[in-house]
1. Any lysines with Cα under 28 Å of the K45 Cα? List them, leaving off those in the same chain fewer than 8 positions away.
2. Report the relative contact order of the stretch 117-167, percent, no decimals, based on alpha-carbon pairs under 8 angstrom and at least 6 residues apart.
3. Count the net charge of all other residues whose Cβ sits under 11 Å from the Cβ of S42, scoring Lys and Arg as +1 and Asp and Glu as -1.
4. Fully extended, how many nm does the chain gain between L28 and R177 (0.36 nm per residue separation, minus their Cα-Cα distance)?
5. Packing-wise, with mean Cβ within 10 Å as the measure, how do 147-158, 57-68 rank, highest first?
6. For the chain, what's the relative contact order in percent, using C-alpha pairs closer than 8 Å and at least 6 residues apart?
7. With r as the distance between the Cβ atoms of F130 and A48 and R0 = 22 Å, compute the FRET efficiency 1/(1 + (r/R0)^6) and round to 0.05.
8. Can you compute the modelled spin-label distance between Q164 and L15, with each label point 7 Å from Cα toward Cβ, in nm?
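The values are calculated or read from the model by the stated rules, or taken from the named source; none is laboratory data. Quick caveat, the model's predicted, so the values are computed rather than measured. When we count neighbours, we look across all protein chains shown, and the Cβ atoms used for this are built from the backbone with ideal geometry, even at glycine. Accessible surface is based on the protein model in full, side chains and every heavy atom, while ligands, DNA and RNA are left aside. Shrake-Rupley method; radii C 1.70, N 1.55, O 1.52, S 1.80 Å.
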Amino acid sequence: MDKVLWIFLGIAGPLILFKLVYALSTALVLPRTRGAMFVGTSRRKIRAILEELSLSPSARVVDLGCGDGRFLRAVWRRYRVRAVGYEINPFAWVLARSLNALFRVPAEVRFGDFMQADLSGYDLIFCYLFPDVLPRLEEKIRREARPGTFIVSANFPLPGLKPQKVLHLDDPVYFYRL
Ligand SMILES: C[S@@+](CC[C@H](N)C(=O)[O-])C[C@H]1O[C@@H](n2cnc3c(N)ncnc32)[C@H](O)[C@@H]1O
């Protein structure tokens, strides 16, 4: 019986710990993220988004709220672009950095609030955020981003911008050009 218990704890323990750290870390930053939790865009959707784009290796790409960094790694694999990600959830930030190191992806993951970032130098801004954040982010993009910048918003639209294209996957993906 003891042996079964130890095997159960050996398997379930790390999983429970993982979930606990995830929950704590998410709760900690909830007032800043306004509900935008650490949920990843599906790989299928990321592939479809990247199919729509054409990026040169010198393109500057940013994921605002990069989660575990999967978009950054996909951009590197597809276009050899070293993208930048901002992440405020410490658990997601550690995960993104660790996975980038594991898969030898030279993307940069910055810890902190993307509302403090300078968005003026990017050619492509990607985000998957919740509607409460998007109006403020849109104002910031309008203030800082260069004309011609591409913006891709997964699942939710930027309320005041007209999309050039909407891709209908499980959820919509909105493509904009400033
Ligand atoms: C829905 S997830 C998307 C993750 C990733 N972009 C993807 O598509 O797989 C949103 C992420 O944005 C982060 N986030 C929300 N508000 C933020 C802020 N103000 N600064 C930095 N990160 C933020 C959350 O912690 C969360 O990990």
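1. K19, K140, K162, K165
2. Details: 49 pairs, mean separation 25.2, N = 51.
RCO, the stretch 117-167: 49 percent.
3. +3
4. Length gained between L28 and R177: 50.2 nm.
5. Numbers: 147-158: 18.2, 57-68: 21.2.
Highest mean packing first, the order is 57-68, 147-158.
6. 17
7. After rounding, the FRET efficiency stands at 0.55.
8. About 4.4 nm, to one decimal.
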